[in-house]
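Each remark here refers to the structure printed beneath this line.
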Amino acid sequence: LQEVNDMKIKNCFVPVILYVLLFAGLAVGTFYDYQISQTLTQMEDSWARFMEIWAEPPSLLFVGFAFAALAVYVIRQKVKGHVYLSLLCAVGGIIAVYSTITRTVEYYSAEVYEMTLTKILSVVGTVIIMALFMKLASMIKDETLKKIKPALVTVVAVGLATLVIISAIKSVWGRERFRAMEDISHFTRWYIPVGRALDDAHKSFPSGHTSNAVILYTLSFIFDRLGDKKKATVAKVLAILWVALVMFSRMVCGAHFLSDTCAGAIITMTIVIVCRKIFCKDTKSL
């Protein structure tokens, strides 16, 4: 019994530390958001600009691959309604990949995003990437797919829940981004909803880039299901470092305040824990 309790404590150690750090950051941001952004923001910084464009694709494409792998799993297992279920998974993957491409292009250039050629190339790119994902997923052995299936479902659930929850909060919170402000009179504390966001300039809270970055933490669940604790640990560490990097880059480019990034990470980390409990409950570590 003592050994089981020790194991539970050990498994909770990482998320507890993360929550402590994130809530501490949220507390600091409550009082010093504006001052921190004044100090850090360099809107012309090339690194921050690069991160704004490319920080989301790793997480979103990971979700797209999880959809593809689930489609392959359903086809192989011939579960009830497998044709429709596999098509649903494939469509989910296509949407994830297409949205990744279009969002990336939009961050790169709004003018390029509006071009008809861009729309066509985005569709072509989606077909190619999704076909590649399906091919890679089909190369995974049946036994392996069965083992990681709960983790794949968790990845998809976290991705969908994050999209819905973060988008919903952004649309009703209406906090103005630091880089869009003319002066401090436009500044509001993170815990005060301003109202419906009329444009992207008023979607500062919470940080979507940070929320999506946290999704990569679920990669550790796949390695954990395969019994590879070392790779699972490495995946967790890299995911945490990546989230920290994304958080910092969002403040440097003036897109978010410290509290926005901490709140985004807290929300998705909570979603990760809940979805793991529901869909991947026998995974040994968190």
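The values are calculated or read from the model by the stated rules, or taken from the named source; none is laboratory data. Quick caveat: nothing in here was measured; it's all calculated off a predicted structure. Cβ atoms come from the backbone with ideal geometry, glycine included; neighbour counts cover every protein chain shown. Calculation scope for accessible area: heavy atoms of the full protein, side chains included, ligands and nucleic acids excluded. Shrake-Rupley method; radii C 1.70, N 1.55, O 1.52, S 1.80 Å.
For Val234 and Ala27, what is the calculated FRET efficiency with R₀ set at 25 Å and r taken between the beta-carbons, to the nearest 0.05? Let's see the in-between values first.
Details: r = 30 Å, r/R0 = 1.22.
Calculated value: 0.25.
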Please list 3J(HN,Hα) in residue order for the stretch 175-184, calculated via the Karplus relation 6.51 cos²θ - 1.76 cosθ + 1.60 where θ = phi - 60°; whole Hz, with x for glycine and proline. 6, 7, 5, 4, 5, 9, 6, 7, 7, 5
Using only alpha-carbon positions, what ratio does the radius of gyration of the stretch 1-158 give when scaled by 2.2 N^0.38 Å? 1.39
Suppose each label sits 7 Å from its Cα in the direction of the beta carbon; what would the Ile53-Lys80 distance come out to in nanometres? 5.0 nm
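When every alpha-carbon pair in the stretch 69-222 is counted, what percent end up more than 24 Å apart? Please list the in-between numbers first.
Working: 5771 of 11781 pairs.
Summing the P(r) tail past 24 Å for the stretch 69-222 gives 49 percent.
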Cα-based Rg/(2.2 N^0.38 Å) for the chain, rounded to two decimals, is 1.05
I'd like the carbon and sulfur percentage of the solvent accessible area for the stretch 158-274, probe radius 1.4 Å, heavy atoms only, ligands and nucleic acids excluded. 70 percent
Not counting the cut sites, what is the longest span of the chain without trypsin sites (Lys or Arg not before Pro) that DSSP labels loop and that have at most 10 other Cβ atoms within 10 Å? 197-280
